[in-house]
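Quick notes on the structure that follows.
The values are calculated or read from the model by the stated rules, or taken from the named source; none is laboratory data. Values in this document were obtained by computation on a predicted structure and should not be read as measured data. Here the Cβ positions follow ideal geometry from the backbone for every residue, glycine too, while neighbour counts run over all protein chains shown.
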Amino acid sequence: MRVGGFTFVRNALRYDYPVCESIASLLPLVDTLVVLLGNSEDGTSDMLSKHFAHEPRICWVDSVWDDTLREGGRVLAIETDKAYHALGTEFDWVIYLQADEVLHQSDYHLLRNAMEHHLRNPLVEGLLLQYKHFYGSYDYVGTNRRWYRREIRIMRPLPGLHAWRDAQGFRCDGRKLQVKATTARVFHYGWVKNPLRQQDKQVNFNRLWHSEDYVQEHIAVRETYDYEGNEQLDTFTGSHPAVMEGRISRQDWTFLYRPRTVKPTRHEKLLGLWEQITGRRLFEYRNYTEL
């Protein structure tokens, strides 16, 4: 069984992405890994090439983003597709991670077993992974409905496979992939960074979805990001991926969670109660067909 991997990154130093940790967590599962290097202004490409200088499985590919694309984060899908196409189709499975997503070493056997188990079943076109969305610090995970619970991160390299919308998931020639769920996890750290870095990221990444007038009016009004919004969080009691230990030890800000200030609407309470009782999430966005 041959497995390929692909990812893309731009300005990881400026926005404090755990991209080294992400790549390191993916390497044990793949035979070849394409890293698409966007036109960074902060030395990201040099940092990565030095960090992984002795890793022969990585294929570095340069790319230039089209910063005029502002509809629905489309440029993120385009860059994802570039990375995928650079990988080729000589693999049985391909694995995709974004630059703020990290796999846990204790889940490697689950992923290998799932790929082996479904290898000869062409009906299974992808595998779902479970998400842990960290927010504010490495001690809390988001639990309200805006956080997606599962997403496709392992796929067959089908003709017509492409990133969907802002590259949260994938489709094949516009149709949803048929998938099987796994219990393996993706640790998502995109909302864990110093509030100064987080605010800078929010201002610039919102430009991928909205006009400059919208960004100036709604986003670029603070110097630091205000984590104390209406987020419902749970304390994280498990272990983080081993590759994250150094980054976690360097946390240089304090995050205080005040659950009493969180006020979900009546609608959110009812939907949350239903999910708690039944284990099912009503009206959940699913960009896949689960077998």
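So here's what we get for this one:
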read-out: Of residues in segment 171-191 being in contact with a Leu (Cβ under 6 Å, 6 or more places away or on another chain) and not polar (S, T, N, Q), the one surrounded by the fewest Cβ atoms within 10 Å (Cβ to Cβ); value: Ala181
read-out: Filtered residue count, segment 233-258, keeping only those that are small (Gly, Ala, Ser), part of a helix (DSSP H, G or I) and within 19 Å of the chain's Cα centre (by Cα); value: 1
read-out: Residues of segment 41-89 satisfying the condition of being within 23 Å of Gly4 (Cα to Cα) and among the basic types (Lys, Arg); value: Lys50, Arg57, Lys82
read-out: Within segment 63-94, tally of residues that are in contact with a Pro (Cβ under 6 Å, 6 or more places away or on another chain) and buried (at least 17 other Cβ atoms within 10 Å of the Cβ); value: 2
read-out: Filter result for the condition that a residue is under 22 Å from the mean Cα position of the chain (by Cα) and either surrounded by 11 or more Cβ atoms within 10 Å (Cβ to Cβ) or at pLDDT below 90 (or both), over Gln216, Gln202, Gln276; value: Gln202
read-out: Failed condition for Leu127, given (1) within 20 Å of the chain's Cα centre (by Cα); (2) over 23 Å from Trp191 (Cβ atoms); (3) outside any strand (DSSP E or B); value: (3)
read-out: Check on Ala167, under 21 Å from Lys193 (Cβ atoms), touching a residue at least 12 places away in the same chain (Cβ under 8 Å) and either in contact with a helix residue (DSSP H, G or I) (Cβ under 6 Å, 6 or more places away or on another chain) or of a type in the set (S, T, N, Q) (or both); value: yes
read-out: Leading residue by the ranking (modelled with the lowest pLDDT) among those in segment 259-273 that are surrounded by 14 or more Cβ atoms within 10 Å (Cβ to Cβ) and part of a loop (DSSP other than H, G, I, E, B); value: Val262
